[in-house]
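To start, the structure under review is shown below, and the notes come after it.
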Amino acid sequence: MFKKMSDLGKAGMFTVLVLIIASVMGLVFHVRAEVYMFSPLIAVVIMLIVTGDAFTKKGWKELGIHKAGFSKWRFAICIPLIVLTTGYILFWLTPYASIVKPEDFDGAPLWFVLIKLLVVFVLYTITSALGEEIGWRGYLLLKLQSVGTKNALWLSGFIHAIFHFPIIFAGIYLTEGNPFIIVPLFVVMTMFGGVFFGYVRITTGSVWPATIMHSVHNVYFNLILEQSTHSESNVAQYLGGESGIIVVGLYGIVCLWILKKGNKLSDREIDVLYYLSKGLTNKAIAESLFLSVGTIKNYISIIYSKLNVENRALAAKMAVLENLVPIKKQDR
């Protein structure tokens, strides 16, 4: 029954399943947030088993765990650091907040602080952050791509946001401030996260850059920025914080940049991409377009750059999902 389910059907079933698991964990057992984050991973394992994908190499490979995705690690680390640092500097410059020394590191030597941060970051990355990202970007995002990549990015981010509702209702998460203000801001921020987490996932074919980005955001905010900020104003709850207006706005700018940064392909690049998406070799493409193999290699390098991908398979997938190449007569 489930073995012939479409990708969109699997996405729907996964969403229902993960929300059920999250509701039980959050509303019934009131688990810690770090444990709650394993709900998507549990849902993925169940989905792989019931659909039969667990018994195929492709089923596990599609999760993107086997590739490191090194080309986007710098981006994954720098973006949260830049956005959060900028956001909190702006926040500290307002009359509603001030910077203080973190209590956890008070009196500790710098080397100890750095080692502690590194250990927490690594452990968080390979546990809680990975548990979530295997679900959202490893599994769900790819299953949603039949609705278009951009739509899939936004939708995966929205589902990721409502996944937090059970622990919000349980009083475990987002406990301060007016929920009618804080929760919508959080939903918007998480949808933005769906775009830039998904961007590094799709362009590398790996779940690790998204996991690293997720981990950097959470660890840097919780261990450094939150503890370095003092405020007694109610306004500060909506202006600052990881879901405050300032940080949400800055992440929004990053999203717009990602969505707008792609350059349009030239007519010749579209021709090359068309044949590439059909699985032709460089030599075969060159013969079809009456060009040299060297020229085709140059075109392919440009295509990779414009599409922000790093191999033929990802370029071909992007060509199909985004309708970047026209339908030739022989394909009809």
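If one puts a single equal scatterer on every Cα of region 126-198 and applies the Debye formula without solvent, what log₁₀ I(q)/I(0) results at q = 0.15, 0.23, 0.26 Å⁻¹? Here the Debye-derived log intensity ratios amount to -0.52, -1.01, -1.14. Each Lys and Arg contributes +1 and each Asp and Glu -1, all at the Cβ; summed about the Cα centre of region 141-275, the dipole is approximately 460 debye. Please name whichever of H230, V24, F169 sits farthest to the positive end of the charge dipole of region 7-260, dipole taken about the Cα centre and charges placed at Cβ: Lys and Arg +1, Asp and Glu -1. Sorting the options by dipole projection puts first V24. The peptide list 277-286, 100-109, put in order of mean Cβ contacts within 10 Å with the highest first, becomes 277-286, 100-109. Based on Cα contacts under 8 Å between residues 6+ apart, region 267-331 shows a relative contact order of 40 percent.
Each of the peptides 157-169, 26-38 was scored by the mean count of other Cβ atoms within 10 Å over its residues; in descending order, highest first, they stand as 157-169, 26-38.
Tell me, how many Å apart are the Cα centres for region 238-252 and for region 256-307? Region 238-252 and region 256-307 have Cα centres spaced 39 Å from each other.
Does region 267-331 classify as rounded, prolate or oblate by the C-alpha gyration tensor (a ≥ b ≥ c root eigenvalues; a/c under 1.5 gives rounded; else a/b over b/c gives prolate, otherwise oblate)? Judged from the Cα gyration tensor, region 267-331 comes out oblate (a/c at least 1.5, b/c at or above a/b).
Provide the packing ranking of 131-138, 78-85, i.e. peptides ordered by the mean count of other C-beta atoms within 10 Å per residue, highest first.
In decreasing order of mean packing, 131-138, 78-85 become 131-138, 78-85.
Against the chain, whose longest principal axis is taken from its Cα atoms, helix 149-162 shows a tilt of about 30°.
Each stretch of four or more DSSP H residues adds -39500 (n - 2.57); spread over every residue of the chain, this sum gives -19000 deg cm²/dmol at 222 nm. In region 1-64, the alpha-carbon atoms span a convex hull of 87 Å³ per residue.
All other residues whose Cβ lies under 12 angstrom from that of Q227 are scored, Lys and Arg at +1 and Asp and Glu at -1, for a net of -3. Both radii are taken from the alpha-carbon atoms of region 1-154; with Rh as the Kirkwood radius, Rg/Rh is 1.06.
Coordinate-derived values only; no laboratory data. Bear in mind that the values here come from a model prediction, so they are computed numbers and not experimental data. Quick reminder, even Gly has a Cβ in these numbers, built from the backbone with ideal geometry, and neighbours come from all protein chains shown.
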